[in-house]
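Worksheet: the structure to be examined is printed underneath.
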Amino acid sequence: MVEFSSLLTLIPKLLYLCGMNLRTKTLHKIFSSKYLPNGDEHYIHCKKMADPISQEQLEQVYESLGGKGERPCVEIKGYQMTFGRFVVELDDQLHFNRYRQVTLRNDIYPNMHGVDLNKYRMYCRKHENECLKSGAAPGVWTSPLAEKHFGRSEEPGDLGLNGAAGWKLIAYQQFVKDLFAVRNQIKLLRLSIWDEIMVNRQLIKLNDLLMSPTDTQAELLLKYIERRIIRMYA
């Protein structure tokens, strides 16, 4: 019975992973119809941001998330998609919560034209309950590494007191990606599953559209992406 109960807690996480994998593949296909993918991988590591300004910003964000002791030595294998001179991240429901909102207060963001800062802050306030649906699963809500740096998590679903150490670690890792892009002059375009485009006079979220877009929907999404890319280089 205990094993079965543990399995049930994993179901939301498994469904989330399957859905995001499909959405990411669909988005990559749409991008590839216009932009040439490349095989460049940006290995993101805090050690590659050893300059004093980067170290100060990492420390500020770490402390603002309640980090204790030495910062985690984060190493991430590249961005989700790379196309010529820019890279792309598709941000899912786990991305938007109170801890990510803390990181978005850093002064790098007003100059990151590939991040719609006002919308991202709004998504963090509006969609935290969606984050809870898959974010309370084992390995997401907390982990030994997360608790080492951010303290012991509360019970899954309880965001009071110390909240979710795993969410804090995810938010910190996303900030590391953003800071790495800024310091290495990489153009980073962040798209959210909560972004909306107009289709037949109706707003449709990328969360729904990317599951199985029609040709018309894919074309409209590509036009939206092109406008975002133009703004990113403005």
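To keep it simple, each residue is scored yes or no on (1) in contact (Cβ under 8 Å) with a residue 24 or more places away in the chain; (2) loosely packed, with under 15 Cβ neighbours inside 10 Å.
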residue	(1), (2)
ARG105	yes, yes
PRO110	no, yes
ARG121	no, no
GLU130	yes, no
GLY135	yes, no
VAL140	yes, no
PHE150	yes, no
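For the subset of region 187-228 comprising residues that are surrounded by fewer than 19 Cβ atoms within 10 Å (Cβ to Cβ) and within 23 Å of ILE44 (Cβ to Cβ), which member is nearest to the chain's Cα centre (by Cα)?
Checked region 187-228; the qualifying residue nearest to the chain's Cα centre (by Cα) is LYS187.
Quick one: LEU94 ticks every box in (1) crowded, with 19+ Cβ neighbours inside 10 Å; (2) more than 24 Å from LYS68 (Cβ to Cβ) except a single one, so which number is it?
Result: LEU94 passes all but (2).
Given the structure, is GLY39 within 20 Å of the chain's Cα centre (by Cα) and either modelled with pLDDT under 75 or at positive phi (or both)? Don't jump to the end; show me each part of the working.
On the way: within 20 Å of the chain's Cα centre (by Cα): no; either modelled with pLDDT under 75 or at positive phi (or both): yes.
For GLY39, the condition - within 20 Å of the chain's Cα centre (by Cα) and either modelled with pLDDT under 75 or at positive phi (or both) - is not met.
Residue check: is VAL115 under 25 Å from GLY66 (Cβ atoms), assigned to a loop (DSSP other than H, G, I, E, B) and among the aliphatic types (A, V, I, L, M)?
Values: under 25 Å from GLY66 (Cβ atoms): yes; assigned to a loop (DSSP other than H, G, I, E, B): yes; among the aliphatic types (A, V, I, L, M): yes.
It is true that VAL115 is under 25 Å from GLY66 (Cβ atoms), assigned to a loop (DSSP other than H, G, I, E, B) and among the aliphatic types (A, V, I, L, M).
Looking only at region 42-56, which residues are at pLDDT 90 or above and either closer than 11 Å to LEU90 by Cβ or surrounded by 15 or more Cβ atoms within 10 Å (Cβ to Cβ) (or both)?
Once the filter is applied, which keeps residues that are at pLDDT 90 or above and either closer than 11 Å to LEU90 by Cβ or surrounded by 15 or more Cβ atoms within 10 Å (Cβ to Cβ) (or both), region 42-56 yields MET49, SER54.
So, in region 165-224, how many residues would count as being in a helix (DSSP H, G or I), among the small types (Gly, Ala, Ser) and within 15 Å of LYS29 (Cα to Cα)?
Step one: list which residues in region 165-224 are in a helix (DSSP H, G or I), which gives 165-183, 206-209, 215-224.
From what's left, among the small types (Gly, Ala, Ser): 165-166, 171, 181, 218.
Next, from what is left, pick out any that are within 15 Å of LYS29 (Cα to Cα): 218.
Number satisfying all stated conditions: 1.
In region 113-135, what residues are more than 15 Å from the chain's Cα centre (by Cα) and within 20 Å of VAL176 (Cβ to Cβ)?
Within region 113-135, HIS113 is the sole residue that qualifies.
If the requirement is being over 29 Å from ALA218 (Cα atoms) and out of contact with any helix residue (DSSP H, G or I) (no Cβ under 8 Å at 6 or more places or on another chain), which of these qualifies: GLY139, GLY166, GLY160? Even if it seems obvious, please write down each step before you answer.
On the way: GLY139 fails: out of contact with any helix residue (DSSP H, G or I) (no Cβ under 8 Å at 6 or more places or on another chain); GLY166 fails: out of contact with any helix residue (DSSP H, G or I) (no Cβ under 8 Å at 6 or more places or on another chain).
None of the others qualify; the one that does is GLY160.
Just a yes or no: is a residue in region 136-144 under 15 Å from the mean Cα position of the chain (by Cα), closer than 30 Å to PRO52 by Cα and not in a loop (DSSP other than H, G, I, E, B)?
First, the residues of region 136-144 that are under 15 Å from the mean Cα position of the chain (by Cα): 140.
Then drop every residue that is not closer than 30 Å to PRO52 by Cα, which leaves none.
Looking through region 136-144, none of the residues is under 15 Å from the mean Cα position of the chain (by Cα), closer than 30 Å to PRO52 by Cα and not in a loop (DSSP other than H, G, I, E, B).
Looking at (1) surrounded by fewer than 12 Cβ atoms within 10 Å (Cβ to Cβ); (2) free of Cβ contacts under 8 Å to residues at least 24 places away in the same chain, which is the only condition ASP158 fails?
The one condition ASP158 does not meet is (1).
Quick one: what pairs do we get from region 188-203, first residue free of Cβ contacts under 8 Å to residues at least 12 places away in the same chain, second of a type in the set (Val, Ile, Thr) and in a strand (DSSP E or B), C-beta under 9 Å, 6+ apart or different chains?
If the second residue must be of a type in the set (Val, Ile, Thr) and in a strand (DSSP E or B), the pairs left are GLU196/ILE204; LEU203/ILE197.
How many residues are within 25 Å of GLU56 (Cα to Cα), part of a loop (DSSP other than H, G, I, E, B) and not charged (D, E, K, R) when one looks only at region 68-92?
6
Could you list, in sequence order, the residues of region 31-67 that are in a helix (DSSP H, G or I) and β-branched (Val, Ile, Thr)? Show your work before the answer.
Residues of region 31-67 in a helix (DSSP H, G or I): 31-32, 46-48, 52-64.
ILE53, VAL61 - these are the residues of region 31-67 that are in a helix (DSSP H, G or I) and β-branched (Val, Ile, Thr).
The values are calculated or read from the model by the stated rules, or taken from the named source; none is laboratory data. It should be emphasised that the depicted structure is a prediction, and the values quoted were computed from it without experimental measurement. A quick note on method: Cβ atoms are made from the backbone with ideal geometry, for glycine too, and the neighbour counts reach across all protein chains shown.
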